[in-house]
Amino acid sequence: MNEVVFISLPMNGRKPLDIMEDLARARKAYMAMSDDYLRPFISFCHNFQPDIPAEENGAKKGQESVWYLGRALEAISKCDRVFFYGNWRNARGCLIEHEICEKYDIPYVEDGQA
């Protein structure tokens, strides 16, 4: 009965440390919204991997964001739910991930929802 939650948050143009701190805050926020008895069964995933450069993996110059978005969509396909955190409404990739969830009936929670 494990639940795997993908964390969607803005990453483009941000420092890796800032992203890692936001991911930690997102995990904490999601856990705070969850029922006590479910918390031990929740795990998280995301597509932030700064050690895997898009351009070294075949992305064309100027299309790196699309490559990363593709990795995010692949990760979402393996998760039970998506958690949209922080300033996601102002990030292209997050907006596309949100649209995918709506169009493909993937359960999601937006930051601040119970």
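Just so it is clear, none of the values below were taken in a lab; they were calculated from the coordinates. These figures come from a predicted structure and were not determined experimentally. Virtual Cβ from ideal backbone geometry, glycine too; neighbours counted across all protein chains shown.
Taken over segment 3-110, lysine pairs spaced eight or more positions apart, or on distinct chains, with alpha carbons under 24 Å apart number 5.
Quick check on the chain: helices-only [θ] at 222 nm, where DSSP H runs of length 4 and up contribute -39,500 (n - 2.57) each and the sum goes over total residues. Nearest 500, please.
Mean residue ellipticity at 222 nm (helix-derived): -12000 deg cm²/dmol.
The GNM of the chain, with springs linking C-alpha atoms under 10 angstrom apart, assigns the highest mean-square fluctuation among 90, 47, 57 to 57. Value of Rg to Rh for the chain, rounded to two decimals, is 0.96; Kirkwood radius and Rg both from alpha-carbon coordinates. Candidates 45, 30, 10 compared by Cα position along the dipole of the chain: farthest toward the positive end lies 10, with charges placed on Cβ.
Shown in residue order for segment 37-43 are the 3J(HN,Hα) couplings computed by the Karplus curve 6.51 cos²θ - 1.76 cosθ + 1.60 at θ = phi - 60°: 6, 8, 3, x, 9, 9, 10 Hz (x for Gly and Pro). Ranked by how many other Cβ atoms sit within 10 Å of their own Cβ, fewest first, the residues 88, 67 fall in the order 67, 88.
What list do you get for 35, 111, 18 if you sort them by fewest beta carbons within 10 Å?
35, 18, 111
Considering only 21, 97, 64, the mean-square fluctuation computed in a Gaussian network model of the chain, springs between alpha carbons under 10 angstrom, is largest for 21. For residue 42, nonlocal amide neighbours, meaning residues 5 or more places apart or on other chains whose placed amide H falls under 5 Å from its own, are 3. A cut-off of 5 Å between modelled amide H atoms, ignoring neighbours fewer than 5 places along the same chain, links residue 83 with 6, 7, 8, 109.
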